[in-house]
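One structure is given below, represented as structure tokens, and several questions about it will come after.
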Amino acid sequence: MTPMKNISKRFAGLAIDFRNNPFFRARLKLTAVYSAGVLALLVVFSLAIYSFFAKNITSNLEYDGQDQEESQNIELQVIQRAKDQLLAVLLTVDGLVIFLVAGMSYSLAGKTLRPIEASYKKQKKFMADAAHELRTPLAVMKTGAEALLMGRASEKEYEKFTRDFLEEINSLSALVNDLLFLVRGDSLKKIEFEKIDIGLIAKKQVELMRKYAKNKQVNLENEVNESFYIQGNKSDVKRLLANLIKNAIDYNRPDGKAVVSLSVEKNQVALKIADSGTGIAEKDLSHVFDRFYKVDAARTKTAGGSGLGLAIVKEIVNSHGGKIGIKSELGKGTEITIFFPSVFS
Ligand SMILES: Nc1ncnc2c1ncn2[C@@H]1O[C@H](COP(=O)(O)OP(=O)(O)O)[C@@H](O)[C@H]1O
Ligand SMILES: [Mg+2]
């Protein structure tokens with residue numbers, strides 16, 4: 001490509017950016033505002049300097065009697081030349097400063113806007129993914145209802161459809177709850193913390209999920225019998241446990257095992273959920289905590305949810321000042337450990 005074409009392509013790109021990208025427009029606006037501010041200061045300073053020196057040059061003049069008119073003329077010319085030179089120097093310096101300031105403002109504005117742009121893009125992607133997730137169960141229900149209306153369904157078929165509807169509605173409710181939870185986290189609202197016994201919460205959560213595990217033919221074991229205190233939010237910690245235990249059951253095999261245990265390691269309470277399930281491949285391990293990430297869409301459709309469970313876990317761990325450790329082997333199982341700062345009773 002010729003340099004001319006290259007340049008015109010670049011300008012065309014900038015024009016598209018200007019139309020479609022509000023951040024590019026904001027960047028240019030900031031650059032213009034900074035530059036205009038500096039320009040105003042420069043004009044004031046330059047005028048002050050010019051009038052001060054111009055006056056000085058004039059008052060330095062002395063006349064010495066003879067050939068007064070001629071020497072006065074020469075002197076006036078010298079004065080004018082000095083003034084012109086001063087003006088030229090001032091204009092050059094001003095131009096240079098404005099050029100530098102504009103460049104610096106443009107780069108600074110870009111740096112300032114970058115994190116805002118990133119979070120804006122993240123929110124946009126979140127909305128798109130959420131809409132996509134909501135669409136699937138809605139489509140299933142729509143097709144079902146249309147089929148019911150079209151043919152003469154038997155009472156048994158009606159019952160089956162109603163059950164399917166209920167299942168879809170339940171998964172929609174769960175999804176909406178998860179979305180609301182994540183939105184709450186994004187709004188940086190303060191969460192209420194208190195001293196809680198995570199041992200007791202874990203024990204209760206395991207009991208609550210026993211039936212779910214039994215339906216999926218997974219042996220859910222509880223190795224927690226003591227109290228362990230952390231500074232936390234009770235309903236968040238319950239939610240974290242529910243999500244992790246559900247995964248350990250969902251991604252398991254018939255007659256597999258899921259074990260919940262707690263211990264203290266280096267002033268930290270370590271909550272461990274281990275399973276003998278499918279495991280997670282190395283390449284997926286760093287992504288499973290991303291919003292809407294599902295390792296295997298086909299498998300997840302029968303087992304899990306919308307890919308928000310671990311994103312919520314990560315959010316809760318972060319807000320509690322904790323850390324997550326994950327070990328997994330394909331076909332063998334997964335072990336997730338959450339470390340909370342410990343509070344001794
Ligand atoms: N204990 C586990 N064993 C195997 N795979 C898991 C486990 N926990 C999570 N995963 C994988 O990580 C993905 C993300 O998990 P999660 O955020 O809970 O979403 P989902 O709604 O799909 O359960 C899941 O789709 C699943 O493939
Ligand atoms: Mg899950």
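Per-residue counts of other Cβ atoms within 10 Å, averaged by peptide: what ranking do you get for 100-107, 81-88, 332-339, 215-222, highest first?
Ranking, from highest mean packing down: 332-339, 215-222, 100-107, 81-88.
What are the membrane-span-like helices in the chain by this rule: whole DSSP H runs, Cα extent along the axis at least 20 Å, mean Kyte-Doolittle hydropathy at least 0.5?
Going by DSSP H runs, the hits are 22-59.
How would region 134-221 be classified by its alpha-carbon gyration tensor: rounded, prolate or oblate, with rounded meaning a/c under 1.5 and the a/b versus b/c comparison settling the rest?
oblate
Between D84 and M104, what FRET efficiency follows from the Cβ-Cβ distance if R0 is 45 Å, with the result rounded to 0.05?
0.90
Which one, Q205, L87, M127, projects farthest toward the positive side of the charge dipole computed for the chain from Cβ point charges (K/R +1, D/E -1)?
It is Q205, whose Cα lies furthest towards the positive end.
Let me ask something else. Residues in region 327-345, backbone N under 11 Å from the label point at R253 (7 Å along the Cα-to-beta-carbon vector): list them, ranges by number please.
331-333
I've got another one for you. With +1 on each Lys and Arg Cβ and -1 on each Asp and Glu Cβ, and nothing else charged, work out how big the dipole of the chain is about its Cα centre, in Debye to the nearest 20.
1600
In the neighborhood of K204, defined by Cβ-to-Cβ distances under 12 Å, what is the net charge if each Lys or Arg adds +1 and each Asp or Glu adds -1?
+2
Of all the accessible heavy-atom surface of region 195-341, with the other protein chains kept in place and a 1.4 Å probe, what percent is carbon and sulfur?
The C+S portion of the solvent-accessible surface of region 195-341 is 50 percent.
Can you tell me how much longer the chain between Q217 and N267 gets when fully stretched, taken as 0.36 nm per residue apart minus their C-alpha distance, in nm with one decimal?
Taking 0.36 nm per residue and subtracting the Cα distance, the gain is 14.4 nm.
Then there is this: Given contacts defined as C-alpha pairs under 8 Å and at least six residues apart, what's the relative contact order of the chain, whole-number percent?
Result for the chain is 13 percent.
Using Cα springs under 10 Å in a Gaussian network model of the chain, which residue among R25, R210, R184 shows the largest mean-square fluctuation?
In this elastic network of the chain, the residue with the biggest mean-square fluctuation among R25, R210, R184 is R25.
Cut-off 10 angstrom, C-alpha nodes, Gaussian network model of the chain. Which of A118, A36, A131 fluctuates the most?
Of the options given, A36 has the highest mean-square fluctuation.
How many nm is it between the label spots at T92 and I7, if each spot is 7 Å from the Cα in line with the beta carbon?
Calculated label separation equals 2.5 nm.
How much length is gained on full extension from K156 to D290, taking 0.36 nm per residue of separation minus their Cα-Cα distance?
44.1 nm
Determine the dipole magnitude for region 1-100: charges of +1 sit on the beta-carbon of Lys and Arg, -1 on that of Asp and Glu, nothing else is charged, the reference point is the Cα centre, and the result goes in debye to the nearest 20.
Here region 1-100 has a charge dipole of around 1540 debye.
Here's another thing I want to ask about it. Given a 1.4 Å probe and every protein chain left where it sits, what share in percent of the accessible area of region 3-122 is carbon and sulfur?
67
Further question on the same structure: May I ask for the net charge around A281, where only other residues with Cβ less than 11 Å from the Cβ of A281 are counted and Lys, Arg are +1 while Asp, Glu are -1?
Surrounding charge for A281 is -3.
Among A102, L166, S319, which residue has its Cα furthest toward the positive end of the charge dipole of the chain, with +1 on Lys/Arg Cβ and -1 on Asp/Glu Cβ?
Comparing the listed Cα positions along the dipole, L166 ranks first.
How large is the charge dipole for region 69-111, taken about the Cα centre, if only the Cβ atoms of Lys, Arg (+1) and Asp, Glu (-1) carry charge, to the nearest 20 debye?
460
With springs connecting C-alpha atoms under 10 Å apart, model the chain as a Gaussian network and identify which of A242, A153, A274 has the largest mean-square fluctuation.
Top of the fluctuation ranking is A153.
Hey, another quick one. Using only Cα atoms, locate the centre of region 176-247 and the centre of region 103-129, then give the distance between them in Å, rounded to an integer.
Here the answer is 34 Å between Cα centres.
Expressed as cubic angstrom per residue, what is the convex hull volume of the alpha carbon set of region 15-136?
100
Please give the length that would be gained between Q77 and A54 if that part of the chain were fully extended, namely 0.36 nm times their separation in residues minus their C-alpha to C-alpha distance (nm, one decimal).
Full extension from Q77 to A54 adds 6.9 nm.
Determine the relative contact order of region 179-276: mean sequence separation of Cα pairs under 8 Å and six or more apart, normalised by residue count, in whole percent.
Computed over region 179-276, the figure is 30 percent.
Follow-up question, since we're still on this one. Based on the Cα gyration tensor of the chain, what are the three equivalent ellipsoid semi-axes, each the root of five times an eigenvalue, rounded to whole Å and given largest first?
72, 29, 17
Could the peptides 72-78, 246-252 be put in order, highest first, of the mean number of other beta-carbon atoms found within 10 Å of their residues?
246-252, 72-78
Return one whole number: the accessible area per residue of region 195-341 in Å², for a 1.4 Å probe.
Here the residues of region 195-341 average 50 Å² of exposed surface.
The values are calculated or read from the model by the stated rules, or taken from the named source; none is laboratory data. Predicted model only: the values in this text are computed from it and were never measured. Using ideal geometry, Cβ is built from the backbone for each residue, glycine included, and neighbour counts are taken over all protein chains shown. Remember, those area values only see protein heavy atoms, side chains included, never the ligands or the DNA or RNA. Shrake-Rupley method; radii C 1.70, N 1.55, O 1.52, S 1.80 Å.
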